[in-house]
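Engineer: Sharing a structure, written as C-alpha cells. Questions coming.
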Amino acid sequence: MDSGWLSDCYVRHLPLGPYPPNDPRFMTRTTFYVPLLSRVFQGRLGLAIAPLALLCAALLGPVAMAAVDNVGLGSGAVGALTINAANTSINTYTRVTAAVPAGQSFVTVASTTGFSVGNLVMVHQTTGLAAPASGSQTPINLVGGPVGRWEFARIASLTATRLNFTQPLTVAFGATGTQAIRVPEYTSVTVNAAGSIVAAPWDGATGGVVAFLSQGAVNNAGAIHADGRGFRGAFAWNGDGDGCTALDEQWPGGASKGE
C-alpha cells in the first residue's frame, strides 16, 4: 500500500476549487482543481481559458523551482497544438533511478529517450511514503512530506541515463517513486470535441501526470484529464468461498489492496 492523494488535476493559476482536505477518507480519483503557484492570470471558464499552464497529476504536493521562476507560460518552442483524437498523451516519462539531494543539477534516469536539450522537465516524486501496517486505521499525515513534491528544470545536456539541468534543484527527491516528465511548451492549444489530452496511466514507476504550458489560448471543447490514471486501485472480492476468515488477511485470503 502506498498512500497519497489520488486527486488527478491541478490548474497552475486559476483558483477554481474545491480543495482536497487533509483526510485519507477523501483519497479518491475525483478530479480537484488546485492553484499551484501564486501568479494569477485572468481567465474565463468555458470552451476557452487563456492563457494558462495546466498540470494534471496523480498527487498533490509542494512546488519548488530551480532558481528564480523564469518559466512563466513557457517558451512556446513546440508551436501551436491541435488535438482531434481521443486519449492523446503529450508527455514523455522516465524513472529517476537515484536519490537527488537538494542543490544537485542533474537526475539519473532509466532512459532519456524522447528528451532533448532545451526541454522543460518536471521532476515529480510520485510515491515514497512508508506503508502503514496492514489493517492499520491510523490516519496518514501527508503534510510536509515529500510525496507529490515537484520542480521545474530545463535540460542543458544529456546522456543515455542522465539529464543535466541549467540550474540546480532546490529540494531533495527520493530514489524510489520519483519520475522526470518532459513538459511541452506551446503557443496555443486547441482540443476539439472528439479529442482529449490524457496522462499515461501510472504503471508503478511513471505516468499519472499530464502537464503542459501555453503562452496563448487553451480552447478545450473536448477533455484534458488524468482521471483514473493515478495509483492503481484494488478489486473487490466478497462472497462465499473467498477463504477470508479475519478482518485483515494477506491475498488470497483477503482481497488485494490498491496503492
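Throughout, read-outs are computed from the coordinates displayed, never taken from laboratory work. As the structure is a prediction and not an experimental result, all values here were calculated from the model. Cβ: placed from backbone, ideal geometry, glycine included. Neighbour counts: every protein chain shown.
Engineer: Which peptide among 93-103, 189-199 comes first, and what is the full order, when sorted by highest mean count of other Cβ atoms within 10 Å?
Structural biologist: 189-199, 93-103
Engineer: Classify the stretch 120-195: rounded, prolate or oblate, from the alpha-carbon gyration tensor (a ≥ b ≥ c, eigenvalue square roots; a/c under 1.5 rounded; otherwise prolate if a/b is larger than b/c)?
Structural biologist: Values: a/c = 2.66, a/b = 1.44, b/c = 1.84.
Oblate, since a/c reaches 1.5 and b/c is not below a/b.
Engineer: Quote to one decimal, in nm, the extra length available between ALA133 and SER75 on full extension: 0.36 nm per residue of separation minus the C-alpha distance between them.
Structural biologist: Here the segment from ALA133 to SER75 would lengthen by 16.3 nm.
Engineer: Still on this model: Give me the orientation-averaged projected area of the Cα convex hull of the stretch 74-202, in nm², one decimal.
Structural biologist: 9.9
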